[in-house]
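Since the structure comes first, as structure tokens, the remarks are kept for the end.
The values are calculated or read from the model by the stated rules, or taken from the named source; none is laboratory data. The structure presented is a predicted model; accordingly, all values stated were derived computationally and were not measured. Here Cβ is always computed from backbone atoms with ideal geometry, including for glycine, and neighbour counts include all displayed protein chains. Please note that ligands, DNA and RNA were not included when accessible areas were found on the heavy atoms of the full protein model with its side chains. Shrake-Rupley method; radii C 1.70, N 1.55, O 1.52, S 1.80 Å.
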Amino acid sequence: MKHRILAPVAILAALTSCSINEDTVDGPVDKTLYDIVTFDGNVDGHARFSFQQVNDSPLINLVAQGELQSDDLKEGARLYIIYIPESGLPYTSGNITLRGAAFINSGPVVEQEMNDDMSLWNRDKVYVYSLWRSGNYINLHCRLAYSSEPRTFRLTVDPATIGNEYPDLYIHHEMASPTDNHDRGYYASWDMTPVWTLPSTRGVTIHVANSNLPQTTFTFSK
């Protein structure tokens, strides 16, 4: 299925602002963080989020100073948020000042045989800035050629490799047609729970048509 991809440039919401440059020459310096998180809903007037920073690091729970509202926002959505921990300690559960939030490209891993439907999975390149595992999610920060036309941008698993110790997953990026347009930055987060939690799985191998570096496979182990 082709769909339009989302760049996290339009802020979904900014609940409050923080003052700077008060009382000192340089002013107080707040530790602003940027992370991909799961929206856990609005509870008792506060937006709640959770995420693991990398691999199997402890689950972090964040509570914003107010609710996050959008007609398209549903519990379980993956978001890119900008925030300041009120404790001053990064990557620690607790209250935050939410500066902004945006939808990103997300979805579940999709089973797809390596047949004609996947013949163009690596035609349209992905400029990989970073690719990392966060619990059961594969997160990606990249640049892609800009187009307003729908495209395929998803994480697939070759069903023939499910049951292997390291199933093969593919970042399938296929535009409606090749284009030489300028690039834009994008974030994506795909849920690979059905593959990652199999007893036979010791890790996964991610294949991507990386135009940044020669590395086109990334292996993540449990």
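List every residue pair whose Cβ atoms lie under 8 Å apart, where the two residues are 6 or more positions apart in sequence or sit on different chains, the first residue falls within the range 204-222 and is in contact (Cβ under 8 Å) with a residue 60 or more places away in the chain and at positive phi, and the second residue, located anywhere, is surrounded by 17 or more Cβ atoms within 10 Å (Cβ to Cβ) and not in a strand (DSSP E or B).
none
May I ask you to list the residues in the range 98-131 that are among the basic types (Lys, Arg) and either in contact with a Lys or Arg (Cβ under 6 Å, 6 or more places away or on another chain) or free of Cβ contacts under 8 Å to residues at least 12 places away in the same chain (or both)?
Selection gives nothing.
In this structure, is Leu144 in contact with a Leu (Cβ under 9 Å, 6 or more places away or on another chain) and in a strand (DSSP E or B)?
Judged against the criteria, Leu144 is not a match.
Just give me the residues in the range 58-67 being open to solvent by 20 Å² or more (accessible area, probe 1.4 Å) and either touching a residue at least 12 places away in the same chain (Cβ under 8 Å) or over 14 Å from Asn136 (Cα atoms) (or both), in sequence order.
Leu59, Asn61, Val63, Gln65, Glu67
Residue by residue, here is whether (1) assigned to a loop (DSSP other than H, G, I, E, B); (2) open to solvent by less than 80 Å² (accessible area, probe 1.4 Å) holds:
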site: Lys31; (1), (2): yes, no
site: Asn42; (1), (2): no, yes
site: Phe49; (1), (2): no, yes
site: Gln69; (1), (2): yes, no
site: Leu79; (1), (2): no, yes
site: Ile82; (1), (2): no, yes
site: Ala102; (1), (2): no, yes
site: Ser106; (1), (2): no, yes
site: Asn122; (1), (2): yes, yes
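Hey, Asn55 hits all of (1) open to solvent by 50 Å² or more (accessible area, probe 1.4 Å); (2) in contact with an Asp or Glu (Cβ under 9 Å, 6 or more places away or on another chain); (3) polar (S, T, N, Q) but one; which does it fall short on?
It fails just one condition, (2).
Among the residues of the range 109-123, write down those that are touching a Phe, Trp or Tyr at 6+ places or on another chain (Cβ under 9 Å) and either over 19 Å from Asp191 (Cβ atoms) or among the hydroxyl-bearing types (Ser, Thr, Tyr) (or both).
Met114, Met118, Trp121, Asn122
One line per residue, one yes/no per condition, for (1) open to solvent by 20 Å² or more (accessible area, probe 1.4 Å); (2) at pLDDT 95 or above:
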position	(1), (2)
Lys125	yes, yes
Tyr137	yes, yes
Ser147	yes, no
Val157	no, yes
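Taking the range 193-222 as the region of interest, how many residues are assigned to a strand (DSSP E or B) and closer than 25 Å to Arg143 by Cα?
9
Return the only residue of Tyr170, Tyr166, Tyr129 being open to solvent by 40 Å² or more (accessible area, probe 1.4 Å), closer than 28 Å to Lys222 by Cα, assigned to a strand (DSSP E or B) and modelled with pLDDT of 95 or more.
Just one listed residue meets the conditions, Tyr129.
Which one of Asn61, Asn55 is within 15 Å of the chain's Cα centre (by Cα) and at pLDDT 90 or above?
When all the criteria are applied, what remains is Asn55.
Regarding Ser177, is this residue hydroxyl-bearing (Ser, Thr, Tyr), open to solvent by less than 60 Å² (accessible area, probe 1.4 Å) and either touching a residue at least 24 places away in the same chain (Cβ under 8 Å) or out of contact with any strand residue (DSSP E or B) (no Cβ under 8 Å at 6 or more places or on another chain) (or both)?
No; evaluated as a whole, the condition is false for this residue.
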